[in-house]
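Here is the structure we will look at.
Bear in mind these aren't lab numbers, they're just calculated from the coordinates by the rules spelled out. What you see is a predicted model; the values in this text were computed from it and never measured. Note that we place each Cβ from the backbone using ideal geometry, even for glycine, and neighbour counts take in every protein chain shown.
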Amino acid sequence: MSIFQHGFKAIACAITLAAASITVHAEELRLGSGFGDNHSSTRAMRDIFMPKVEELTQGRYTASVFANSELGQAPEMINQAQSAINFGVFVSSAFYNSQVPEIGVTNMPFTFQNREMAFKVFDGPFGESLKPLFEAKGLVVLGFMELGFRNITNSVRPISKPDDLKGLKIRLQNNPVHIATFNLLGASPTSIDASEMFAALSQGVVDGQENPYAVINSFRLYDAKQKYLTDSGHFFDVIVFAASKSALDAMTPEDRAAVIEAGRLATLEQRKYAAADEATNLETVLSHGVEFTKLTPEQREAFRTATLPVVDEVKGRLGDKLVNDFIAAVEAVK
């Protein structure tokens, strides 16, 4: 073999290796989240979304999940998806408020009686009407997953009536509806990202927080001075699984449909995981000596009545039509 042939072969090999490297990087769909490895959403992504993406695209795409805020705080991860730095993100709906404030209407307190009612609304015409608002911000909703009913913990006292919250510093997401609700209850809301929540509670920066049992357990908040838990169920929260619109649009129609289908399947499985995990998560939390207050129907009604003015506040921010449409959608599935 001549020196020219050797040289040509070496150049061809280098080009092939470089192309392969580029292809591998381009095919990886990176997903970010603040949830831990054991959370139902992370498990569903790894159990269902990752293998289904590879299967349905016949290996042209793979997916990777970066949990535990490895890619940054929730707002950063959303921005990364919008700009296609990463492919997608799955975090609480509250973190999308700055891009899609209309999602906040679904956060009104004491709206849903159970998860089945909630998902009839999110899977129905009202939920579909929200999706174009996300697309206008560069995001495609692949699924509304369950985060669940949010419950109050704190380090000071049991909470059984609205007055018990007065003066308590409560960590909340940066969600205008959540903040307005706790202001009405007399608490002192403080917005802190999930990645900083444990430290804030441990150091006494805040007295308490509110989250579904799954988050309370996965973040081990019972080790962060949270001695008291109330099953307030004041908000039902969803996880919005969103992907980069530009990244999806760059795919072939077949691969785009395949990835969207993988997202749908992962969403359905996550909801099953979340429902099955709820009792176990509560049991684990209580096994660490947390004092549990179960509200009576009358006590729950007192909280609902105290927070009714939130409806008018949301109408003032988002408009009567959106709020009325949402309320009508809820009434239709009762």
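Here are some notes:
- Among the listed pairs Lys225/Lys315; Lys52/Lys131; Lys272/Lys315; Lys137/Lys272; Lys120/Lys166; Lys120/Lys321, those with a Cα-Cα distance over 27 Å are Lys225/Lys315; Lys272/Lys315; Lys137/Lys272; Lys120/Lys166.
- Dipole of the chain computed with +1 at Lys/Arg Cβ and -1 at Asp/Glu Cβ about the Cα centre; of Asn107, Leu71, Met251, farthest Cα towards the positive end is Leu71.
- Karplus-derived 3J(HN,Hα), 6.51/-1.76/1.60, for each residue of the stretch 98-107, Hz, glycine and proline x: 6, 8, 10, x, 4, 5, x, 5, 6, 8
- Remark on Leu29: its backbone amide H falls under 5 Å from those of Thr62, Ala63, Ser64, a criterion applied only to residues 5 or more positions apart or on other chains, H modelled at 1.01 Å from N.
- Antiparallel DSSP beta bridges within the chain, percent to nearest 5: 55 percent
- What separates the Cα centres of the stretch 194-234 and the stretch 247-320 is a distance of 17 Å.
- Built amide H within the under 5 Å cut-off of Phe235, gap 5+: Phe110, Arg150
- Table column - 3J(HN,Hα) (Hz), the stretch 245-253, Karplus curve with 6.51, -1.76, 1.60, x for Gly and Pro: 5, 5, 5, 5, 5, 7, 7, 5, x
- With K and R counted +1 and D and E -1, the other residues having a Cβ less than 10 Å from that of Lys227 yield a net charge of +1.
- Once you reduce the stretch 134-167 and the stretch 78-109 to the center of their Cα atoms, the two points are 14 Å from each other.
- Backbone HN-Hα couplings from phi across the stretch 213-223 [Karplus 6.51/-1.76/1.60, Hz, Gly and Pro as x]: 4, 4, 6, 4, 6, 5, 8, 6, 5, 5, 8
- Nearest-20 debye value, the chain charge dipole, Cβ charges on Lys, Arg, Asp, Glu: 260 debye
- Selected from Glu298, Glu146, Glu269 as most flexible by GNM, with the chain as the system and alpha-carbon contacts under 10 Å: Glu298
- Here's how it looks for Ser188: its modeled amide H is under 5 Å from those of Gly167, Leu168, Lys169, Ile170, which are all 5 or more places away or on a different chain.
- Cα shape, the stretch 187-334, gyration tensor, a/c 1.5 rule: oblate
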